[in-house]
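Asker: Below: one structure in structure tokens.
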Amino acid sequence: MATTLDTSRPQTIVLPRKRGMSKLARREALVAYLILLPNIVGFAIFIILPIIFNLPISLLEWSGFSPLEQAKFVGLQNFVTALNDDLFRKAVFNTLYYTFTSVPIGVALALFFAMILNQKLRGVGVYRTIFFIPVAAMLVATAMVWNWLLDANYGLINFILEYAANGINALLASAHLPIWKYSLPGWTADPDWAMPAIVLVSIWKSLGFNIIFFLAGLQQIPEMYYEAATIDGASRWQKFWHITLPLVSPTTFFVVVIAIINSFQVFDQVYVMTRGGPTHATTTMVLYLYQNAFSFNKMGYAAAQSWFLFILIMLATLVQLYFQRRWVHYEK
């Protein structure tokens, strides 16, 4: 008996489901896992395992160099000691001061220079390379060079500042105006200027790294948005505020998160330039943690301090993720 097809209602065609992965897909997945295996093993050995063993060590009074059997269990005493340690609290304050000064200034400067380098300028490739050179240079070597540049007595920076100040005073004298009485900054030798010097070097070192990300974000913005804004008579500031800033916000979010995490872990430039001085004005959390672990032989106490650093970084990241919904805009 012949059957007729009912065309009065739409027909649903059910395709057979593929069971499992194809042979080619399994081979590609295997190759991918083999390529990632060295990084996964390194991450597990040098990151995951130390984190796992760090918690029990933070509960011990241990030098880190004696046999573990000689360690004394003290419970949460290391955490209590850290909370009552004036120098540790100062290190936390210095770290927060460094973060809240270096990150906003560094991100703003990176976006500013990225917008300039995104223009069709002659020799723009050379300028991009110049900005990226500090990123490729070794931080320890650059910190030593900056130490010489910022020397209060014979550094080039103070020489330029003094020359400029004398020139201003000469102009004031020729105009019969009061002379400007100035004092040159002591930089790393002055407690008031030591941390700004560290911030200056850090911004200079990371500027090119952040510019690369902002350049990538700016180049993803369609040109038609700016053309439409120009037709509507929008000014440069309006284009920046209503087009550039919202559409580059995902890149800004990424750069800010990475910059904050790195700023909480600042160590190299502080260790080379000031060793935490003068008068502990530049002692940061990581530097103080390092001193307790390898100079004072207080490995358990240093492990407890590292958990406070972990909590601060985690809280900062969670706050940014929360406010991300309000200020990060993705193009649809």
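The values are calculated or read from the model by the stated rules, or taken from the named source; none is laboratory data. Source: prediction; values computed, not measured. Glycine gets a Cβ as well: all are built from the backbone with ideal geometry, and neighbour counts include every protein chain shown. Each accessible area value is taken on the protein alone, full model and side chains, heavy atoms only, with ligands, DNA and RNA left out. Shrake-Rupley method; radii C 1.70, N 1.55, O 1.52, S 1.80 Å.
Asker: Taking Leu245, is it surrounded by 14 or more Cβ atoms within 10 Å (Cβ to Cβ) and in contact (Cβ under 8 Å) with a residue 24 or more places away in the chain?
Answerer: Judged against the criteria, Leu245 is not a match.
Asker: Given the criterion among the aromatic types (Phe, Trp, Tyr), surrounded by fewer than 17 Cβ atoms within 10 Å (Cβ to Cβ), within 27 Å of Gly75 (Cβ to Cβ) and without any contact (Cβ under 8 Å) to a residue 60 or more places away in the chain, identify the matching residue among Phe323, Phe296.
Answerer: When all the criteria are applied, what remains is Phe296.
Asker: Please state which one of Thr284, Thr279 is open to solvent by less than 20 Å² (accessible area, probe 1.4 Å), within 30 Å of Glu61 (Cα to Cα) and polar (S, T, N, Q).
Answerer: Answer to the selection: Thr284.
Asker: Can I ask one more? Somewhere in the range 143-151, is a residue open to solvent by 70 Å² or more (accessible area, probe 1.4 Å), within 27 Å of Phe253 (Cβ to Cβ) and either β-branched (Val, Ile, Thr) or in contact (Cβ under 8 Å) with a residue 40 or more places away in the chain (or both)?
Answerer: No.
Asker: Having 1 or more residues that are in contact with a Lys or Arg (Cβ under 8 Å, 6 or more places away or on another chain) and under 19 Å from Pro134 (Cβ atoms) is the bar; report the helices (runs of 4 or more DSSP H) wholly within the range 182-267 that clear it.
Answerer: It comes to 194-218.
Asker: So, one more: Working only within the range 107-129, note down all residues that are charged (D, E, K, R) and under 19 Å from Pro250 (Cβ atoms).
Answerer: None; the set is empty.
Asker: One residue is enough: does the range 171-184 have a residue meeting the conditions open to solvent by less than 30 Å² (accessible area, probe 1.4 Å) and out of contact with any strand residue (DSSP E or B) (no Cβ under 6 Å at 6 or more places or on another chain)?
Answerer: There is no residue in the range 171-184 that is open to solvent by less than 30 Å² (accessible area, probe 1.4 Å) and out of contact with any strand residue (DSSP E or B) (no Cβ under 6 Å at 6 or more places or on another chain).
Asker: Further question: Mind checking whether some residue in the range 209-223 is open to solvent by 20 Å² or more (accessible area, probe 1.4 Å), over 24 Å from the mean Cα position of the chain (by Cα) and farther than 30 Å from Ile157 by Cβ?
Answerer: Yes, the range 209-223 contains at least one residue that is open to solvent by 20 Å² or more (accessible area, probe 1.4 Å), over 24 Å from the mean Cα position of the chain (by Cα) and farther than 30 Å from Ile157 by Cβ.
Asker: Give the range 308-332 a look and list any residue that's in contact with a Ser or Thr (Cβ under 7 Å, 6 or more places away or on another chain) and modelled with pLDDT of 95 or more, or say none.
Answerer: none
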